[in-house]
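Single-structure report; data block below.
The values are calculated or read from the model by the stated rules, or taken from the named source; none is laboratory data. Worth saying up front: this structure is predicted, and the values here are computed from it rather than measured. All Cβ positions, even for glycine, are placed from backbone atoms using ideal geometry, and neighbour counts span all protein chains on display. Note: areas computed on protein heavy atoms with side chains; ligands, DNA, RNA excluded. Shrake-Rupley method; radii C 1.70, N 1.55, O 1.52, S 1.80 Å.
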Amino acid sequence: QVQLMESGGALVQAGESLKLSCAASGSTFSFNAMGWYRQAPGKQRELVAGITSGGSTNYAESVKGRFAISRGNAKNTVYLQMNSLKPEDTAVYYCYADYYAPPRYWGQGTQVTVSS
């Protein structure tokens with residue numbers, strides 16, 4: 001059974017940095033794509049960043065230039081380096097992983113809180 005485990009969420013001050021990690025277990029094959037969504041209270045879940053097995057990346061406009069997604073050397077790991085954090089980045093961050101066909105797998109989420 002595939003499971004995704006996120007870590008790295010914390011309470012930080014505005015302007016500080018955090019690095020989120022996500023590791024998948026229970027998968028024989030490498031995922032085609034992995035990435036991060038986030039959901040703030042009262043808002044819909046939104047894509048933050050994604051990365052394919054080939055290294056192509058995409059970002060939400062609101063995080064371009066501040067966040068960087070990367071895949072780890074270990075199979076099926078992904079990171080999100082978050083710099084210059086803002087209070088509006090406060091949310092629960094969810095890792096996802098896709099094979100070439102559904103379903104999409106999700107982690108349980110990790111809380112990021114940015115105080116002003």
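In region 66-116, the residue that is surrounded by the fewest Cβ atoms within 10 Å (Cβ to Cβ) out of those that are in contact with a Ser or Thr (Cβ under 6 Å, 6 or more places away or on another chain) and among the aromatic types (Phe, Trp, Tyr) is TYR79.
For the condition touching a residue at least 24 places away in the same chain (Cβ under 8 Å) and either open to solvent by 60 Å² or more (accessible area, probe 1.4 Å) or not in a loop (DSSP other than H, G, I, E, B) (or both), GLN44 does not qualify.
Residues in region 9-23 that are surrounded by 13 or more Cβ atoms within 10 Å (Cβ to Cβ) and farther than 18 Å from GLY109 by Cα were compared, and the one that is farthest from the chain's Cα centre (by Cα) is ALA14. Screening THR28 with (1) β-branched (Val, Ile, Thr); (2) open to solvent by 60 Å² or more (accessible area, probe 1.4 Å); (3) assigned to a strand (DSSP E or B) gives one miss only, at (3).
Checking each residue in region 24-44 for being within 12 Å of the chain's Cα centre (by Cα) and farther than 11 Å from TYR96 by Cα picks out only GLN39. When region 31-41 is limited to residues that are assigned to a loop (DSSP other than H, G, I, E, B) and in contact with a strand residue (DSSP E or B) (Cβ under 7 Å, 6 or more places away or on another chain), the one that is surrounded by the most Cβ atoms within 10 Å (Cβ to Cβ) turns out to be PHE31.
Residue by residue, here is whether (1) modelled with pLDDT under 95; (2) among the β-branched types (Val, Ile, Thr) holds:
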position	(1), (2)
GLY15	no, no
LEU20	no, no
GLY26	yes, no
PHE29	yes, no
TYR37	no, no
VAL63	no, yes
ARG66	no, no
SER84	no, no
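Residue pairs whose Cβ atoms lie under 7 Å apart, separated by 6 or more positions or on different chains, with the first residue in region 102-116 and touching a residue at least 60 places away in the same chain (Cβ under 8 Å) and small (Gly, Ala, Ser) and the second open to solvent by 70 Å² or more (accessible area, probe 1.4 Å) and assigned to a strand (DSSP E or B), are GLY107/MET5; SER115/LEU11; SER115/GLN13.
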